[in-house]
Amino acid sequence: MKFLTTNFLKCSVQACDTSNDNFPLSYDGSKCQLEQDESIEFNPEFLVNILDRVEWSAILQVAADLGNTSLPPNKPIFEDKNSLNEDDMAILRDLHILLIQTSIVEGEMKCKNCGHTYYIKNSIPNLLLPPHLA
Amino acid sequence: MSDAQLKEQEYVHDVYNEIASHFSETRYKPWPIVTDFLMGQTMGSIGIDVGCGNGKYLAVNPNVFVIGSDRSEGLIGCAHGINSHYNVMVADGLHLPHKDNTFDFAISIAVVHHWTTRERRIAAIRHILSKVKKGGRALIYCWALEQKDSRRGYHIGMDQDVMVPWVLHATPSNSNNSSSNSSSSAKGKKHDHEKPDLTGIEPKDRAAFVTKWKQEREEQRAREKAEQDDLEKKNDDKESTTKYRFYHLYKEGELEEDCLQAGGSIVNHGYEKDNWYVITEKQ
Ligand SMILES: C[S@@+](CC[C@H](N)C(=O)[O-])C[C@H]1O[C@@H](n2cnc3c(N)ncnc32)[C@H](O)[C@@H]1O
Ligand SMILES: [Zn+2]
């Protein structure tokens with residue numbers, strides 16, 4: 001699953017919705033295996049609009065879980081979305097590599113509220129709950 | 001688990017997992033109104049496809065980010081195999097692992113009819129809408145009761161809760177599954193020792209040794225043959241296996257009613273490919 005997907009994944013347990021710890025999930029950096037797929041094309045206009053919909057603090061947390069602490073503390077903002085300058089493009093290119101080209105192919109993630117562990121296998125996260133939690 | 005959940009496990013989830021690869025081969029053509037809905041989304045918007053199956057709608061519009069989820073691990077595996085760039089996950093449609101008020105749009109094509117009670121179908125639509133932003137829209141398709149001209153011939157007046165057969169043929173594309181593999185290896189098993197190895201056997205004991213060796217070999221062959229017959233029988237059985245899936249066939253106006261009950265407003269509705277569809281908007 002793409003790094004970007006982590007921004008849209010919370011714990012499936014309904015009871016955890018009342019806590020603020022069910023998102024983002026916490027990723028076990030020692031068990032997560034990352035891959036980069038350079039065949040996915042860079043589309044700056046797409047990415048700028050995606051960024052509007054992203055929770056930056058969650059990006060920072062997951063990146064840190066996975067050993068990347070070099071991101072800017074605040075979400076990048078672009079003066080004029082319709083004419084992106086060189087600097088904007090450089091930032092977007094980096095984010096494209098992180099959010100779109102990088103995926104977690106094997107790994108584990110945990111809810112910080114209930115502690116339930118979910119697994120990623122062959123790039124596919126499984127968020128199904130065992131019957132007693134569903 | 002409740003009765004409804006048990007029924008869905010047996011007559012929906014287990015079946016989709018069993019028929020996944022075969023089912024996936026029949027699902028590749030996007031329906032026109034679904035395509036229009038997806039193409040109408042703006043650049044860089046985000047959406048969910050609940051019950052995405054093999055993911056046939058996930059790459060229709062390359063300029064949106066769609067997360068597809070399905071309860072069937074088998075079908076999600078097929079989706080990933082078809083296109084490894086699809087964003088897919090295994091999840092239940094009533095327990096979606098997304099925050100509320102997040103997505104610009106949602107689709108759920110031919111899924112809601114699989115919940116076995118009206119309460120659960122409405123809850124599923126409400127749950128999908130909960131993940132969409134205010135003013136966001138969801139396109140929902142359900143199988144129609146009114147399909148007199150289709151192969152199945154469902155029509156008004158019938159019971160709306162039906163068991164729909166899926167005949168599972170053992171096609172060549174299935175031949176890489178484990179049982180036919182072991183069957184062919186049993187068939188092809190070499191008998192390495194066609195003659196007994198008499199080295200170190202006293203001449204006086206040789207006759208008895210050979211007799212025992214022959215007997216053991218016969219027994220071994222009989223075992224292998226029985227094993228092989230068993231496997232072939234299994235494969236034959238599989239050729240004619242019929243699996244039943246539960247469907248609630250929607251009658252005209254019913255899906256609109258369920259969407260209203262779920263708290264959505266009706267933006268558009270109609271009939272396409274033996275299905276009723278509704279575009280419902282989050283208030
Ligand atoms: C008729 S198929 C449609 C698949 C896909 N939407 C398409 O149009 O090709 C129904 C799908 O609903 C999924 N499904 C059934 N119950 C579900 C549930 N409770 N949660 C998530 N998916 C479910 C099945 O696994 C199956 O993939
Ligand atoms: Zn939790």
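Every number here is computed from the coordinates shown, using simple stated rules; none is lab data. For clarity, every value in this text was computed on a predicted model and none was experimentally measured. Using ideal geometry, Cβ is built from the backbone for each residue, glycine included, and neighbour counts are taken over all protein chains shown.
So how do B:198-204, B:259-265 stack up, highest first, on mean other-Cβ count within 10 Å?
On the way: B:198-204: 8.3, B:259-265: 18.3.
Most protected by this proxy first, the peptides run B:259-265, B:198-204.
Hey, what do the phi angles of region A:25-30 turn into as Karplus ³J(HN,Hα) couplings, whole Hz, using 6.51/-1.76/1.60 and θ = phi - 60°, x for Gly and Pro?
3J(HN,Hα) across region A:25-30, in whole Hz: 5, 9, 9, 7, x, 6.
Which loop chymotrypsin sites (Phe, Trp or Tyr not before Pro) in region B:1-107, with loop taken from DSSP, have no more than 15 other Cβ atoms within 10 angstrom of their Cβ? Spell out each step's value before the answer.
Values: sites: B:Y11, B:Y16, B:F23, B:Y28, B:F37, B:Y57, B:F65, B:Y86, B:F103, B:F105; in loops: B:Y28, B:Y57, B:Y86.
When the chymotrypsin sites (Phe, Trp or Tyr not before Pro) of region B:1-107 are filtered for loop state and at most 15 Cβ neighbours within 10 Å, B:Y28 remain.
State whether the protein assembly as shown is rounded, prolate or oblate according to the following rule on the C-alpha gyration tensor (a ≥ b ≥ c being the square roots of its eigenvalues): a/c under 1.5 gives rounded; otherwise a/b larger than b/c gives prolate, and the remaining case gives oblate. Walk me through the numbers on the way to the answer.
Working: a/c = 2.48, a/b = 1.50, b/c = 1.66.
Oblate shape, in that a/c is at least 1.5 and b/c is the bigger or equal ratio.
Charges only on Cβ, +1 for Lys and Arg, -1 for Asp and Glu: so what's the dipole of region B:51-178 about the Cα centre, in debye to the nearest 20?
Values: 14 positive and 10 negative charges, 67 e Å.
Result for region B:51-178 is approximately 320 debye, rounded to the nearest 20.
Quick query: amide H of A:C32 versus all other amide H atoms, modeled in the peptide plane; which residues come in under 5 Å with a sequence gap of 5 or more or a different chain?
It is A:E108, by chain and number.
Over all distinct alpha-carbon pairs, what is the Kirkwood Rh of region A:1-92 in angstrom? The partial results should precede the final answer.
On the way: mean 1/r = 0.0663 Å⁻¹.
Computed over Cα pairs of region A:1-92, the Kirkwood hydrodynamic radius comes out at 15.1 Å.
Taking amide H positions as placed 1.01 Å from N in the peptide plane, with prolines and chain starts having none, which residues 5 or more places from B:N268, or on another chain, fall under 5 Å of its amide H?
B:I279
Which one, A:Q33, A:Q61, A:Q14, has the greatest fluctuation when you compute a Gaussian network model over chain A with C-alpha springs under 10 angstrom?
A:Q14
Mean residue ellipticity at 222 nm from the helices of chain B, using -39,500 (n - 2.57) per DSSP H segment of n ≥ 4 over the full residue count, to the nearest 500 deg cm²/dmol?
On the way: 8 runs with 104 residues, N = 283.
Calculated from helices alone, the mean residue ellipticity at 222 nm is -11500 deg cm²/dmol.
Taking only C-alpha pairs under 8 Å that are 6+ residues apart, what is the relative contact order of region A:18-90 in percent?
Numbers: 28 pairs, mean separation 29.6, N = 73.
Result for region A:18-90 is 41 percent.
Could you check which residue among A:T18, A:T69, A:T102 shows the biggest mean-square fluctuation in a GNM of chain A with a 10 Å Cα cutoff?
A:T18
Shape call for region B:1-133 from the C-alpha gyration tensor, a ≥ b ≥ c root eigenvalues: rounded (a/c under 1.5), prolate (a/b greater than b/c) or oblate? Each step should come with its number before you reach the end.
On the way: a/c = 1.88, a/b = 1.22, b/c = 1.54.
Note, shape of region B:1-133 comes out oblate.
Please tell me which of these pairs span more than 18 angstrom C-alpha to C-alpha: A:K112/B:K131; B:K243/B:K273; A:K10/B:K99; A:K10/B:K282; B:K7/B:K29? The partial results should precede the final answer.
Working: A:K112/B:K131 21 Å; B:K243/B:K273 23 Å; A:K10/B:K99 7 Å; A:K10/B:K282 21 Å; B:K7/B:K29 29 Å.
Going by Cα-Cα distance, A:K112/B:K131; B:K243/B:K273; A:K10/B:K282; B:K7/B:K29 fall outside the 18 Å limit.
Let me have the relative contact order for chain B, percent, based on Cα pairs under 8 Å that are six or more residues apart. Intermediate values should be presented prior to the final figure.
Values: 466 pairs, mean separation 59.9, N = 283.
Normalised by residue count, the contact order of chain B is 21 percent.
Using modelled amide H (1.01 Å from N, peptide plane; none on Pro or chain starts), what sits under 5 Å from the amide H of B:V132, excluding residues fewer than 5 places away?
For B:V132, the qualifying residues are B:N101, B:T102, B:F103.
State, as an integer percentage, the relative contact order of chain A based on alpha-carbon contacts under 8 Å between residues 6 or more apart.
Values: 184 pairs, mean separation 54.9, N = 134.
Across chain A, relative contact order equals 41 percent.
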